[in-house]
Amino acid sequence: MILVTGATGTIGREVLRRLPAGQAVRVMAREPSKVVRVAAGTEVVAGDYTDRRSLERALRGVGRALVVTCRVGGDDDARFLRAARSAGVRHVVKLSAAAVADSEADDLITRWQRANEDLLRGSGMRWTMLRPRAFMSNTLSWAASVKSERVVRALYGTSANVCVDPRDVAAAAVCALTEDGHEGRIHTLTGPEPISAVEQTAQLGRLLGIPLRFEELSLDRARAALGQRHPAAVVKALLASAERQRAGAKARAEDTVLRLTGRPARSYATWAADHIEAFGDRPDAGRHGLSRSLRTG
């Protein structure tokens, strides 16, 4: 039995779509009604990291588990690992972040992920770490301004990141959950090449068939925008991550997706083409349309 957590999030829902037919799968979710498009026979149970009994129920009979946590600074990993060890889980696959390997990264989010990786290594269970760079899907946060103003606003627009398609991260997770040989391994997951927000804006404009403008945010404006969605400590961490990106810390591509899945990592152009409706209408739709796992990777 495989347990999937985070099934309503960016990676978990893609993992569920890719697990092989006939595989015994259980999904743990705070709100089971939000888990959609699961394969026939998939068991969906209510569970919360802060509820020990719900964890015990969800983990009963599980051999391998995917753990996805997002409460920065919280102890969800510790709670899950204690319950998993008690339940006899043999192998835990953890969604972490590429920044963990960067000795210059010392922000809150990265320290939290490092500590959680250490907990898993010391748990006595077999483990696999998935360390993705930023998700390409983070650019969905631009959709509203693209549609209403034909503009993208971001900090450090010419800095590059080898961002990764969440579908490729999910494919790697499925490999680790269903194959032998991933125990004790760290998989750093990136896209095929570094790309900047300015270049992403241009690609979106070409796909939409309209001119899009990139507007550089000042540090103060970026801080204010992030502050509307995140606590101050998380904002500080995200800005530190952006500074590391500007310094070139996130520009190295890895071939991990190809090695694990047998096919190259998807480009941003591919991801954008597959999700362009979120930003506006395609040019061939008969009219011109107007055009977020916190990972610090």
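Being among the small types (Gly, Ala, Ser) and surrounded by fewer than 20 Cβ atoms within 10 Å (Cβ to Cβ) is not true of Gly12. Applying the set (1) over 17 Å from Ser241 (Cα atoms); (2) within 20 Å of the chain's Cα centre (by Cα); (3) crowded, with 19+ Cβ neighbours inside 10 Å to Trp112 leaves exactly one unmet item: (1).
Look at (1) in contact with a Lys or Arg (Cβ under 8 Å, 6 or more places away or on another chain); (2) under 18 Å from Val89 (Cβ atoms) and you find that Thr69 fails only one, number (1).
Taking Lys250, is it under 17 Å from the mean Cα position of the chain (by Cα) and outside the structural domain of Leu108 (by TED's automatic domain parsing)? So Lys250 fits the description; yes. Using the structure shown, decide if Gly47 is farther than 19 Å from Met129 by Cβ, touching a strand residue (DSSP E or B) at 6+ places or on another chain (Cβ under 9 Å) and in the same structural domain as Arg114 (by TED's automatic domain parsing). Here the answer is yes, as Gly47 does meet what is asked. Taking the conditions (1) surrounded by fewer than 22 Cβ atoms within 10 Å (Cβ to Cβ); (2) touching a Gly at 6+ places or on another chain (Cβ under 6 Å) in turn, Arg17 satisfies each one other than (2). Note down all Cβ pairs under 7 Å where the first residue falls in segment 49-65 and is within 16 Å of Gly6 (Cβ to Cβ), the second is loosely packed, with under 14 Cβ neighbours inside 10 Å, and they're at least six residues apart or on different chains. Note: pairs meeting the criteria are Arg64/Arg90. Which of the residues belonging to segment 11-41 are among the β-branched types (Val, Ile, Thr), part of a loop (DSSP other than H, G, I, E, B) and modelled with pLDDT of 95 or more? Once the filter is applied, which keeps residues that are among the β-branched types (Val, Ile, Thr), part of a loop (DSSP other than H, G, I, E, B) and modelled with pLDDT of 95 or more, segment 11-41 yields only Ile11. Of all the residues in segment 58-83, those that are assigned to a helix (DSSP H, G or I) and surrounded by fewer than 16 Cβ atoms within 10 Å (Cβ to Cβ) number 1. So if I check each of Ser86, Ser103, Ser137, which one is surrounded by fewer than 16 Cβ atoms within 10 Å (Cβ to Cβ) and part of a helix (DSSP H, G or I)? It is Ser86.
Report the residue count in segment 146-159 for those that are polar (S, T, N, Q) and surrounded by fewer than 19 Cβ atoms within 10 Å (Cβ to Cβ). Quick ask: steps written out before the conclusion?
So the first thing to find is which residues in segment 146-159 are polar (S, T, N, Q), and the list is 148, 158-159.
Okay, now just the ones that are also surrounded by fewer than 19 Cβ atoms within 10 Å (Cβ to Cβ), so 148, 158.
Number satisfying all stated conditions: 2.
The values are calculated or read from the model by the stated rules, or taken from the named source; none is laboratory data. Everything quoted here is computed from the prediction, not taken from an experiment. Here the Cβ is made from the backbone with ideal geometry for all residues, glycine too, and neighbour counts use every protein chain on show.
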